[in-house]
Amino acid sequence: MRDPRTKTRGLALGVSLCAVAIAAGLQIQVANAQDKPAATPASAQAQTNSKAVYYVDFRARTAASYGHAFVWYGRADQKQIEVAGLHPASESVIPYIIGHVLPVPSETGKSYGDLDDDYVTASYRVYMTEPEAKRVFAYIRHLQATRPLWNGAIYNCVAFIQDIAREMGLKVPGNHWMYPEDWVNRLKEVNGGRRYMSSPAVAQASSKPSASAQKPAAPARQTAAVSY
């Protein structure tokens, strides 16, 4: 017959070993959970938003008169396009004629042909970050809400997008009596083809020739270039 005390000691030892094993297992599970942080939908969305690229595209297109200037703006990774441009609030030619003498009621959204690339004669797109876009887009909407009149001499479609360019910190031609096509091309020229609102050096660096391109060409190639 076994000693009851021996049986009790054995039972206590077994219980202790089980407790140790359970505790060790719990510690391993906690460690694994700490090693693999869960990605929440909110954090994933924030990461996506931080990579979003916004833009303002200064555009000119043909029209029955001397053309029209306007802007596209939005996100480059989305198909939706917002349009802002100043023009008389009519499809009749009469307000255009009167508007070169007296101010006439205006509209500041898209007009016929603004979304058709076949009519485009000039385009200059500038990219920006999300904080920059919030400020610039808010300014565009402010212009749309506070410019109820169009006048061909005082404040026309070119003057409207020129204000947007100034708000973005771009150099502007400073003459809103230019043809829309000429003005947009001049805007790109005076800014050196700058592609980024806050980092013009990025575009300039990418446009510089590489080191291999700067190396002297072989004599045979030089001779061919001269003879051409």
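Every read-out reported here was derived from the displayed coordinates using simple, explicitly stated rules and does not represent laboratory data. Treat the numbers as computed from the prediction; the structure is a model and nothing was measured. Here the Cβ positions follow ideal geometry from the backbone for every residue, glycine too, while neighbour counts run over all protein chains shown.
Averaging sequence separations of C-alpha pairs under 8 Å and six or more residues apart, then dividing by the length of the range 49-206, give the relative contact order as a whole percent. Mind showing how you got there, number by number?
Values: 271 pairs, mean separation 43.6, N = 158.
Over the range 49-206, the number comes to 28 percent.
What's the magnitude of the charge dipole for the range 49-206 around its Cα centre, counting Lys and Arg as +1 and Asp and Glu as -1 at the beta-carbon? Answer in Debye, nearest 20. The partial results should precede the final answer.
Values: 17 positive and 16 negative charges, 107 e Å.
Dipole about the Cα centre, nearest 20: 520 debye.
Determine which aspartates and glutamates satisfy two conditions relative to LYS188: a Cα distance under 12 Å, and not lying fewer than 8 residues away in the same chain.
ASP57
Give me the three principal axis extents of the range 96-145 from the C-alpha atoms, as integers in angstrom, largest value leading.
So the three principal-axis extents are 41, 29, 15 Å.
Do the alpha carbons of any pairs in LYS79/LYS110; LYS79/LYS171; LYS79/LYS134 sit beyond 22 Å of each other, and which pairs? Before the final figure, lay out the partial values.
Details: LYS79/LYS110 16 Å; LYS79/LYS171 29 Å; LYS79/LYS134 18 Å.
Long pairs (Cα-Cα over 22 Å): LYS79/LYS171.
On alpha carbon coordinates alone, what is the Rg over Rh value for the range 49-206, Rh being the Kirkwood radius?
Numbers: Rg = 15.3 Å, Rh = 15.9 Å.
Taking Rg over the Kirkwood Rh, I get 0.96.
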